[in-house]
Amino acid sequence: MAAVPPFTGLNIPQLATSAALADWLAVPVDALDYYADPSGRHEEHGETAVNHYHYNLLAKKRGGHRLIEAPKQRLKTLQRQILRGILDHVPVHDAAFGFVRGRNCLDAAARHAGEEMVICYDLQNFFPSIRGARILGIFRSLGYPQAVARQLTGLCTTRTPSRIVRRMEQNERLDYCETHLPQGAPTSPALANLVAYRLDLRLAALGSGLGAQYSRYADDLTFSGGRGISGTLLHLVPQILIDEGFVMQAGKKRLMSQATRQLVTGIVVNQHVNTPRKVFDQLKAVIHACGQPDDLRLQDTAFLSRLLGQIGWVETVNPSRGHKLRRLLERAATRHT
């Protein structure tokens with residue numbers, strides 16, 4: 001095993017053979033091919049227990065579909081072992097904020113607060129657009145031999161069965177017909193961040209050369225700085241995306257000056273991080289309604305838990321607004337006692 005820089009010296013298991021991988025995963029050697037399913041034969045058996053994934057095809061608000069491919073319990077257990085034992089020990093770029101321990105969307109938004117211009121791009125089909133060959137390259141770069149890297153790749157990728165693909169629109173099918181990262185697997189976010197390392201490296205360098213800030217939260221790319229950054233970014237970012245194997249989501253490019261509301265990962269950043277006024281007003285209206293004598297929603301523990309979670313998020317972004325909502329909720333609750 002010989003990892004490439006910057007992956008040398010990582011605290012990851014040394015798995016030189018398939019037998020060593022099987023032992024580390026606590027499965028029989030012959031079970032590796034069953035779960036990795038390199039030929040995709042199991043997923044073509046129809047709606048039977050031999051399938052390794054559950055499929056949930058969701059309609060998007062603006063048209064098209066999002067496919068959630070959730071691994072069944074045994075495969076999910078193996079993927080979590082790979083995540084905890086290998087992927088969690090591999091560093092990602094400093095500009096990556098999504099699915100990274102110790103970083104979150106608030107941190108990503110705060111990087112862009114108070115800037116003259118904010119420019120956002122969305123990547124198209126972030127997880128499924130990442131092919132198995134790129135995942136194989138990640139495991140090989142970590143130093144794993146070809147055979148072991150192929151089995152690790154098979155455990156973390158899938159090819160969507162034709163019976164599911166046929167339910168999608170024609171222009172959505174290509175990514176899913178190839179081996180790809182499934183949206184829904186615990187390993188996919190970490191692997192996507194590693195595949196996007198070169199993209200982050202190049203975009204961060206581009207931003208730095210313009211005196212701009214750059215961050216990526218999953219498939220959401222953001223730059224901020226002076227007004228002069230726009231022309232160069234609009235010209236070069238799409239080219240870099242194509243070079244690195246990604247595609248910009250059509251119609252998802254946003255240029256926001258301080259004269260408009262600047263949103264990054266759903267957080268307002270015009271002067272400082274803040275929750276959108278609409279979110280605050282909606283929560284306030286819900287709490288007011290819950291205080292009415294005939295409204296019993298506060299007695300529903302699931303509803304109350306969701307509402308407290310939403311208030312907690314507002315409190316994290318803007319403590320003053322969050323405290324106001326919490327006081328309103330306390331008053332509403334006393335009306336039912």
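Miscellaneous remarks
- Thr222 vs. criteria touching a residue at least 24 places away in the same chain (Cβ under 8 Å) and crowded, with 23+ Cβ neighbours inside 10 Å: yes
- Asp200 being under 23 Å from Thr157 (Cα atoms), of a type in the set (D, E, K, R), out of contact with any His (no Cβ under 8 Å at 6 or more places or on another chain) and surrounded by 17 or more Cβ atoms within 10 Å (Cβ to Cβ): no
- Gln292 in a loop (DSSP other than H, G, I, E, B), over 18 Å from Gly322 (Cα atoms), touching a helix residue (DSSP H, G or I) at 6+ places or on another chain (Cβ under 9 Å) and open to solvent by 50 Å² or more (accessible area, probe 1.4 Å): yes
- One residue stands out among those in segment 173-189 that are within 24 Å of Val237 (Cβ to Cβ) and either among the hydrophobic types (A, V, I, L, M, F, W, C) or modelled with pLDDT under 95 (or both): the one that is most open to solvent (accessible area, probe 1.4 Å), which is Leu174.
- Count of segment 79-103 residues which are free of Cβ contacts under 8 Å to residues at least 12 places away in the same chain and surrounded by 16 or more Cβ atoms within 10 Å (Cβ to Cβ): 1
- Summed over segment 275-289, the residues that are crowded, with 17+ Cβ neighbours inside 10 Å and out of contact with any strand residue (DSSP E or B) (no Cβ under 8 Å at 6 or more places or on another chain) give a count of 5.
- Test for Arg331: is it over 34 Å from the mean Cα position of the chain (by Cα), assigned to a helix (DSSP H, G or I) and basic (Lys, Arg): yes
- If the condition is being open to solvent by 80 Å² or more (accessible area, probe 1.4 Å) and touching a Cys at 6+ places or on another chain (Cβ under 7 Å), then segment 255-269 contributes no residue at all.
- In summary, Gly64 fulfils each of the numbered conditions (1) out of contact with any Gly (no Cβ under 8 Å at 6 or more places or on another chain); (2) over 30 Å from Arg261 (Cβ atoms); (3) modelled with pLDDT under 95; (4) open to solvent by less than 40 Å² (accessible area, probe 1.4 Å) with the single exception of condition (2).
The values are calculated or read from the model by the stated rules, or taken from the named source; none is laboratory data. The structure presented is a predicted model; accordingly, all values stated were derived computationally and were not measured. Heads up, the Cβs are rebuilt from the backbone with ideal geometry, glycines too, and the neighbour counts pull from every protein chain shown. The area values use the complete protein model at the heavy-atom level, side chains included, leaving out ligands, DNA and RNA. Shrake-Rupley method; radii C 1.70, N 1.55, O 1.52, S 1.80 Å.
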